[in-house]
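Some notes on the structure that comes next.
The values are calculated or read from the model by the stated rules, or taken from the named source; none is laboratory data. These numbers were taken from a predicted model, which means no experiment stands behind them. Neighbour counts run over all protein chains shown; Cβ positions are idealised from the backbone, glycine included. We work out accessible area using only protein heavy atoms, side chains counted, and drop any ligands, DNA or RNA first. Shrake-Rupley method; radii C 1.70, N 1.55, O 1.52, S 1.80 Å.
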Amino acid sequence: MKYTLYKDDKFIMQRKRFYPIKMYLIKSLGIKNIYISYTDLMDMAKKNNYKMEVER
């Protein structure tokens, strides 16, 4: 699987695993708790114009 992250339709990064993208989002959004659930993280990311695509 490949995870691709975009912000405002601009390419940010592409990784094989989700964890590096999760850590990037947590740091860029200023979240202090790294144990945030996937759905909460994606909701916050969508509000800040981030978009993620998963390629299988």
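Observations on the structure shown:
- Residue among 21, 12 that is in contact with a strand residue (DSSP E or B) (Cβ under 9 Å, 6 or more places away or on another chain), modelled with pLDDT of 95 or more and open to solvent by 40 Å² or more (accessible area, probe 1.4 Å): 12
- Residue, least open to solvent (accessible area, probe 1.4 Å), within region 24-40, restricted to residues that are in a helix (DSSP H, G or I) and of a type outside the set (A, V, I, L, M, F, W, C): 28
- Among the residues of region 41-56, just one is over 11 Å from the mean Cα position of the chain (by Cα) and either part of a helix (DSSP H, G or I) or over 21 Å from residue 1 (Cβ atoms) (or both), namely 47.
- Candidates 36, 21 - the one that is β-branched (Val, Ile, Thr) and in contact with a helix residue (DSSP H, G or I) (Cβ under 8 Å, 6 or more places away or on another chain): 36
- Residue in region 1-14 that is aliphatic (A, V, I, L, M) and either part of a helix (DSSP H, G or I) or more than 11 Å from the chain's Cα centre (by Cα) (or both) present: yes
- Any hit, region 22-38, residues being touching a residue at least 24 places away in the same chain (Cβ under 8 Å) and in contact with a Lys or Arg (Cβ under 6 Å, 6 or more places away or on another chain): no
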